[in-house]
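Please treat every number below as a calculation from the coordinates, not as lab data. Since the model is a prediction, treat every value here as computed from it, not as a measurement. All Cβ positions, glycine included, derive from the backbone under ideal geometry; neighbour counts span all protein chains shown.
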Amino acid sequence: MLIGFGNRPITGIVLVTVCLLSGCSEGSLRSLDDICQIFSDRPHWKVAIERSVERWGVPPEITVSFVYQESSFRSDARPPRRKILWIIPWKRPTTAFGYAQAIDATWARYQRDTGSIDADRTDFTDAVDFIGWYNEHSYTALGISKSDAKSTYLAYHEGHDGYENRSYRNKKWLLKVAEKVAARAERYRKQLTSCAL
């Protein structure tokens, strides 16, 4: 027999509480490969992207493609821990965290530059604003076109100094990732014509 609270069994209250705390109230994204579907599933993400586009001028397909690559749309994403002797968890390779996988130092610079001291890497709106801000700096500091997904991703991953020094040249894996980001951005761009931002 279940112990009830009013007309509701306690198990129902517990399940609802657990669901709310774990974030399942939003439901899962139906397709990560369709930007229209992403915006349909998360209308507030569409609003956040629109604000970022208006503020920084970075095309929406590039920002969403970055989020896909960096975190697969997981707010609490982190790089995997290194292991000692292949089994003992150790430190993480970087401080990257959140939707945008921003490292501590760059996130702190973003907060200072934009006056967004309470910005949070697990907040989608803040994360896409960060991506716009960073790519705006790639444009002003390095002359990279805001619509050049491959080059902006390489600058994002390697940092502006790394990009200038062409640190990516000997990283074939990274060049392949940047090409995938660019291909996804192009796919998203085409999809946006049927679900205009």
| message | Of the residues 134, 168, only one is crowded, with 19+ Cβ neighbours inside 10 Å and under 28 Å from residue 54 (Cβ atoms); which? | response | 134
| request: Taking residue 170 as meeting all but one of (1) in a helix (DSSP H, G or I); (2) without any contact (Cβ under 8 Å) to a residue 40 or more places away in the chain; (3) more than 19 Å from residue 102 (Cβ to Cβ), write down the number of the exception. | output: (1)
| task | Report yes if residue 153 is surrounded by 18 or more Cβ atoms within 10 Å (Cβ to Cβ), under 19 Å from residue 100 (Cα atoms), of a type in the set (Ser, Thr, Tyr) and free of Cβ contacts under 8 Å to residues at least 40 places away in the same chain, otherwise no. | result | no
| Inside region 93-108, can you point out the residues that are surrounded by 16 or more Cβ atoms within 10 Å (Cβ to Cβ) and part of a helix (DSSP H, G or I)? | 106, 107
